[in-house]
Each structure stands twice: as C-alpha cells, then as structure tokens.
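The values are calculated or read from the model by the stated rules, or taken from the named source; none is laboratory data. Small disclaimer: the values here were computed from a predicted structure and weren't measured. Positions of Cβ are backbone-derived with ideal geometry, glycine not excepted, and every protein chain shown enters the neighbour counts.
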Amino acid sequence: MTQRRKNLKAIWAQTSDGFIADSQDQIPVRDPADMARFKELTSREEGALIMGRVTWYTLPRRPLPGRLNIVMSRSATPVEVRPIGIVIENLLQMSSLEEVLAEVDANPLRPYWVIGGKEIYDLFMPYVTVCDVCRWPDVLNDPAGVKAPELAEQYRTILDFESDKPLTFKGKIYQRIQMS
C-alpha cells in the first residue's frame, strides 16, 4: 500500500471542461487573483514546489521566489545553465520519485506542492493528501490540451471557495479519505 505524505499537496487551476494546459503547455487563464492565491498558499511555512522540466520553463520567473523549487527531470542537463560557481538559491533538480519523496520525508513540517505537469501529477497523486483545485468557467476547446488529474472517490471536499476579482472562479479543496 502506498504511504501518503501529510505534507504533500497538489494544486492546479482547470477550465470547466477539465483542462490545465493547452497543447502548447500554456495555462489557459492567467488571473492576478488566482496567481496571488497560489503564491500565498505555496509560500506558507517555507513551502516547496515540485514540478517537471516543461512546467519549470513556462514559469514567468525562475525560480519562483520565497519557495524551494524542485524540478524533476530525467535529463542530466541542469535546468538552468549559469556560469560555473554561480549557485541558484531555492532550486533543486532531482531525477526520481524516490529522491523527491526522501526530501519530503526529511522535512515533515514543510508543505510540498505538486504543480505539474501531467506526468508529475500522475506520478505523485498516489502520495498526495490534499488537492487545491480552482475551476474557471472558460472552455479550452483544444483536443490536444492537457487534462487535470482525476479525483476519484478517495477524495472528499473539505472547503469550497470563490473569487469575483478580477475574473470569477470557484474552487474546492479536497482531502484524501484514506490516509494509510
């Protein structure tokens, strides 16, 4: 049986038809209120972000400040090439699920947020205990787009939220029912 991590969470925004990105790996809606909420949630308690290489390269600023940025990649090439001797603070590159879970287990008081992409969500969802999902009323209409993770019956809603500034979105926070 998979061991869940109480400090491992997932967060994403999706369109009403269930997409988190278009076929070009770009998020379909960029709303300042949603982005501020994302920053506020993931920055708490020296939070950490877990993402894949493609998600890393879509970030408007790298690394995202105020959080540890963990980039998973099977490639040995560093995600950021800087002159030798220049260290990028708050950036770790890891190559395996086991390596990241060891980091999560070593810091049980730090919240770790899985932020994408699809392969990373698929890899970590069996270990995630809480999902924060923002739902936009928009429809993507991109058959090659990236679908959000499926939340099966092992999750229950623990909170509903809503915003009307500047765009309207609703969301839910889900918690895994079985914590074994």
| task | Name, by its number, the condition in (1) at pLDDT below 90; (2) crowded, with 17+ Cβ neighbours inside 10 Å that does not hold for Met51. | result | (1)
| Checklist (1) of a type outside the set (Asp, Glu); (2) at pLDDT below 95; (3) on the phi < 0 side of the Ramachandran plot applied to Gly85, failing item | (3)
| note | If you go through Val139, Val128, the only one that is surrounded by fewer than 18 Cβ atoms within 10 Å (Cβ to Cβ), in contact (Cβ under 8 Å) with a residue 24 or more places away in the chain and closer than 24 Å to Phe161 by Cβ is Val139
| request: Give segment 111-123 a look and list any residue that's within 22 Å of Ser23 (Cα to Cα) and either touching a residue at least 60 places away in the same chain (Cβ under 8 Å) or in contact with a helix residue (DSSP H, G or I) (Cβ under 8 Å, 6 or more places away or on another chain) (or both), or say none. | output: Val114, Ile115, Gly116, Gly117, Lys118, Glu119, Ile120, Tyr121, Leu123
| query | Is there a residue being of a type in the set (Ser, Thr, Tyr), surrounded by 15 or more Cβ atoms within 10 Å (Cβ to Cβ), assigned to a strand (DSSP E or B) and at pLDDT below 90 anywhere in segment 143-162? | reply | no
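Any idea which residue in segment 108-125 is surrounded by the fewest Cβ atoms within 10 Å (Cβ to Cβ), counting only those that are outside any helix (DSSP H, G or I), in contact with a strand residue (DSSP E or B) (Cβ under 8 Å, 6 or more places away or on another chain) and not charged (D, E, K, R)? Write out each step before concluding.
Pass one, segment 108-125, residues outside any helix (DSSP H, G or I): 108-117.
This time we only want the ones that are in contact with a strand residue (DSSP E or B) (Cβ under 8 Å, 6 or more places away or on another chain), so: 110-117.
Now drop any that are not not charged (D, E, K, R), which leaves 111-117.
Numbers: Pro111: 21, Tyr112: 25, Trp113: 25, Val114: 26, Ile115: 24, Gly116: 25, Gly117: 19.
If we take residues in segment 108-125 being outside any helix (DSSP H, G or I), in contact with a strand residue (DSSP E or B) (Cβ under 8 Å, 6 or more places away or on another chain) and not charged (D, E, K, R), then Gly117 is surrounded by the fewest Cβ atoms within 10 Å (Cβ to Cβ).
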| said: Just to be sure I understand the filter: pairs with C-beta atoms under 6 Å, separated by 6 or more residues or on different chains, first member in segment 150-164 and under 18 Å from Ala13 (Cβ atoms), second member in a strand (DSSP E or B) and of a type in the set (Val, Ile, Thr). Which pairs pass? | reply: Leu159/Ile173
| task | Might you check whether a residue that is modelled with pLDDT of 90 or more, in a helix (DSSP H, G or I) and either surrounded by 14 or more Cβ atoms within 10 Å (Cβ to Cβ) or of a type in the set (S, T, N, Q) (or both) occurs anywhere in segment 55-69? | result | yes
